[in-house]
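The values are calculated or read from the model by the stated rules, or taken from the named source; none is laboratory data. Source: prediction; values computed, not measured. Positions of Cβ are backbone-derived with ideal geometry, glycine not excepted, and every protein chain shown enters the neighbour counts. The protein model used for the area step is the full one, side chains on, heavy atoms only, and it has no ligands, DNA or RNA in it. Shrake-Rupley method; radii C 1.70, N 1.55, O 1.52, S 1.80 Å.
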Amino acid sequence: MKQLSLAINILLTAAVVVLFYLHFAGNRGNLTEAEKHTSNYWVKDSCGDNIPVVAYVELDSLNNNVSFIKVRKKELEAEQKSIAQEYENAYRSLTAEKDEFLKKGNAITQQEAEAFQAKLGQKQQEIENNRQVKGQRLAEKGAKIMEDMQTRVRAFMKEYNKTKNYSYILATGTGLDYLFFKDSTLNITNDVIKGLNQQMKETVKQ
């Protein structure tokens, strides 16, 4: 179950990794008031050309503060917990059945022992198969949730960037922090969290 838990966390993190390299090229032309702040992040290269604007998003903050990500994460964790509990209860019942059989002591014949052992082994295999099937279903559900999150985030980022016109939006977070230096003025995480949560509210209303 630890491996399953790790897989779920990876899926949920991967759901927003789509932000890692979204490339938005646009004609900046005359900037509006809402866009003027981004012009500060353009620099000139040796040829006098503009180098594209870059911003970044903190994935850990998105996972912890975007409502639909938190809801889906709790949903998967609850189902994972249910599978684990069912698995433990099944084995506890199997152990109790074994202990009850052994109470017969010397009265148990070899034929009875072999039959019981075969029955016990079959039940154990059924328990393992059941956990495997449900674990696979949970993984598939997690993959669908990941796909849904990617769709939501991608759609939001494209809409968000219509007024920002960033050329690159990078992602930073636990296990994904490849930025050796981060200028906090380029951090758009709060904007993204606010926008995604608002998008979620509007979707629910509809």
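Express in % the proportion of alpha carbon pairs of the range 96-156 at distances exceeding 18 Å.
Working: 1107 of 1830 pairs.
Of all Cα-Cα distances in the range 96-156, 60 percent exceed 18 Å.
Which FRET efficiency value, to the nearest 0.05, is calculated for Phe116 and Ala143 with the Förster distance at 41 angstrom and r the Cβ-Cβ distance?
Calculated value: 0.50.
Can you give me the pair-distance distribution of the range 78-206, C-alpha pairs, 10 Å bins, whole percents?
9, 23, 19, 15, 12, 10, 8, 3, 0
Got a sec? What order do Thr172, Thr95 fall in by accessible area at 1.4 Å, biggest, i.e. largest, first?
So the residues, ranked largest to smallest area, are Thr95, Thr172.
Could you order Met146, Met157 by accessible surface area, starting with the largest, using a probe radius of 1.4 Å?
Met146, Met157
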